[in-house]
Structure formats: structure tokens, C-alpha cells
1. So, R0 is 25 Å and r is the distance between the beta-carbons of residue 43 and residue 149; what FRET efficiency does that work out to, to 0.05?
2. With every protein chain left in place and a probe of 1.4 Å, what is the accessible surface of residue 75, to the nearest 10 Å²?
3. What is the sum of charges around residue 98, taking Lys and Arg as +1, Asp and Glu as -1, for the other residues whose C-beta is under 14 Å from the C-beta of residue 98?
4. When the solvent-accessible surface of protein heavy atoms is calculated with a 1.4 angstrom probe, in what order do 84, 44, 5 fall, highest first?
5. Just subtract the alpha-carbon distance of residue 10 and residue 55 from 0.36 nm times their residue separation and send over the number in nm, one decimal.
Amino acid sequence: MADVEAVAQNLLALDEDDLMAQLGVRSQVIESSPEAASIDALEEDLPVPRGAFDDFLQAGKNVFAPASAQAYKILCSPIGGEGELAAELDKLMNQKTAEAAAKMTAALTPVLVGSLGLPQSIAVMVGSLIVKRVAKGTSDLICENWKATLDGAVDPAESTLEDSPIASAEPPGTPGATS
């Protein structure tokens, strides 16, 4: 199995738009090929067709926006409690290194998989995008920076992943997965 931190470092090296387009490609590939949900599948780059870049970029945004809003609600709202994980993410964010960014992504991934039901490959990509975005903020607190990055059209209190095609994708080998 691929190491989440190593995969995250490779993803974090991508330009934000390229990573968002890769998220769009991956989410569509998972619909027809459930094995693409595995983190091991991220070791293979999926080409983004030149003429379709904008379409895949939009598809990535359609996956990312509700996932980010839901994860924010879990980790940073009074319901979620801004607990240990948020404190650990704050500590890592303050280090401002590529290694710390990869560790942040690795820490977010299980939350995205377990709480939001995202496939592993999508969760690592969404986590990488969250880290890239919060790292640009001016605060040393992840939740403050994260809130500032949420798209104004997405209300974290009302956002759900139910309409997202990838939320229902099952990793291969799990009950209910199609091969």
C-alpha cells in the first residue's frame, strides 16, 4: 500500500488548478473503474485531455467544495469541537515545510474517508487541496484560514456530499463494491 505522506508530497507539488483537474479526472474514472478509488491508484498519473481541462477543473471543484465544507464542519465547528486534530494541524501548519504539509494531508485523509465516505484516492487529493489553500492564509490557525477559503456559495452548515458521484463509490474489496 502506498504511503499517504509520500503520495501527498507528490500531489502538493502540483499547481492548484492541475490538482483540482486531477481530482475531476479521478472522480470520473472511479465511476467506471472502482479500483481507481484506492490510494495505490494515485501512483499512476491520469492524463487530463487538453481540450477538456476546464471541464475536469469544474468537475474537481464540484467534488472539492462540498467535501471541504463538510470536513470544515467536522473539524472546526462547535459540533466538531476544534479538538486534538485541529490543534495538531495548527502545529504542523506553523512549521511551513513540505514535510509538515504532507503530514497534514495524511492526518486529514482518515477523517475524509471515515466521516465523509470519500474513496481513499479522492480523500488524499481533497486533503492536499485543503492544505494548499489553508497554507496561503495569514493566520496560524487552520480553522481561521480554512473558513476564509470556503467558497461563499457553499454553506458548511448545509453542504452535503449526497449529490457527488464519488461519495457512493466503494473501494475494491469492500462489501457492495462493483468490480
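1. Details: r = 28 Å, r/R0 = 1.11.
That pair, residue 43 with residue 149, gives E of 0.35.
2. Ignoring ligands and nucleic acids, residue 75 comes out at about 20 Å².
3. Details: positive: 96, 103, 132; negative: 5, 99.
Local charge sum for residue 98: +1.
4. Working: 84 165, 44 125, 5 65 Å².
The most accessible residue leads, giving 84, 44, 5.
5. Numbers: separation 45, 0.36 × 45 = 16.20 nm, distance 2.31 nm.
The span from residue 10 to residue 55 would gain 13.9 nm if fully extended.
The values are calculated or read from the model by the stated rules, or taken from the named source; none is laboratory data. Just so you know, these numbers come straight off a predicted model, no measurement behind them. Don't worry about glycine lacking a Cβ; one is built from the backbone with ideal geometry, like all the others, and counts go over all protein chains shown. Note: accessible area is taken over every heavy atom of the protein model, side chains too, but ligands, DNA and RNA are not part of it. Shrake-Rupley method; radii C 1.70, N 1.55, O 1.52, S 1.80 Å.
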